[in-house]
1. Consider a paramagnetic label point 7 Å from the Cα of Asp203 along Cα→Cβ; state which residues of segment 4-43 have an amide N under 18 Å from it.
2. Determine the calculated [θ] at 222 nm for the chain from helices alone, applying -39500 (n - 2.57) to every DSSP H run no shorter than 4 residues and normalising by the residue count; nearest 500 deg cm²/dmol.
3. Note the direction-averaged projected area, equal to a quarter of the hull surface, for the Cα convex hull of segment 153-208, in nm².
4. Dipole of segment 4-136 (Lys/Arg Cβ +1, Asp/Glu Cβ -1, origin at the Cα centre): which of Thr84, Tyr28, Ile131 lies farthest to the positive side?
5. Filter the trypsin sites (Lys or Arg not before Pro) in segment 83-139 down to the DSSP loop ones having no more than 14 other Cβ atoms within 10 Å, then list what survives.
6. What is the Cα coordinate range of segment 115-218 on the first, second and third principal axes, sorted by size from largest, in whole angstrom?
7. Given the chain, what percent of its DSSP beta bridges are antiparallel, to the nearest 5?
8. Which FRET efficiency, nearest 0.05, do Arg58 and Ala183 yield, Cβ-Cβ r, R0 25 Å?
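None of the figures in this text is laboratory data; all of them are computed from the coordinates on show. The structure displayed is predicted, hence computed values, not measured ones. Backbone-built Cβ (ideal geometry, glycine too); neighbour counts: all protein chains shown.
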Amino acid sequence: MSKDGRIWLSHSGIEGLSRCPRCFWLAYHKGIRQPEGIVSRLANRFDTVLKNYFNSFRPDLPPMVEGKLEGKLQDPFVETYFVTIDNKYGFYGKLDECLVSKSQELIPIDFKTSSSDPRGKETLDAYQAQIDDYNFILKQNNKKIAGWGYLIYVFPDHSKYLHKGFPMIVHIVKLIGKPQNTAKRIAQAITVLEGKMPLSNKDCNFCSWFDKIQSELE
Ligand code: SF4
């Protein structure tokens, strides 16, 4: 993303750095990305349905999470926040939802659609980073934060009554947000972007395929 002449980093953009610094560098400097292939958009659909559902109850909590969360939904909801890092870089993020505690502190929420039972499972590093990032952007925008966030997982359950609707397991995970880790990830991303194009990831099939094709053509 580019606005004001700055390069605008994001959570998903920086996640690409952990997969391959070269692909990350190429995406931001040249707009070149790996071909996406065939991907399911089902999780996007779940996100949209959940967002609309929560929105229809604002500022109250919807029955799906009643008794499981405290506070009210932010009203009006502010989805996108921008943080200027310096003259060349910025960082932005979009929240799925936001709670407001009794003491007016903001608590970001992210919806997760799970294909396996999320209960009792370790939280992925990328999800922890997301909560860090949300707390970072809120804090940098001078918002009062509680210092944590929630992941709300939905997981379709078995039932012999599917004709009456799909039963969903709703699993909520509270994560402490560490905005200082986001600041470190941003600094690391900028260091990579300010350097020369990094080497490719030897385990990735795409670049090795391209190298083989190139050597055949030489
Ligand atoms: S190694 Fe794979 S991930 Fe890295 S630049 Fe090449 S295609 Fe992208």
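1. Flagged as within label range: 15-24.
2. -11500 deg cm²/dmol
3. Hull-based average projected area comes out at 8.3 nm².
4. Tyr28
5. Hits after loop and neighbour filter: Lys88, Lys102, Arg119, Lys121.
6. 62, 46, 21
7. 65 percent
8. Details: r = 31 Å, r/R0 = 1.25.
Taking R0 as 25 Å, the efficiency between Arg58 and Ala183 is 0.20.
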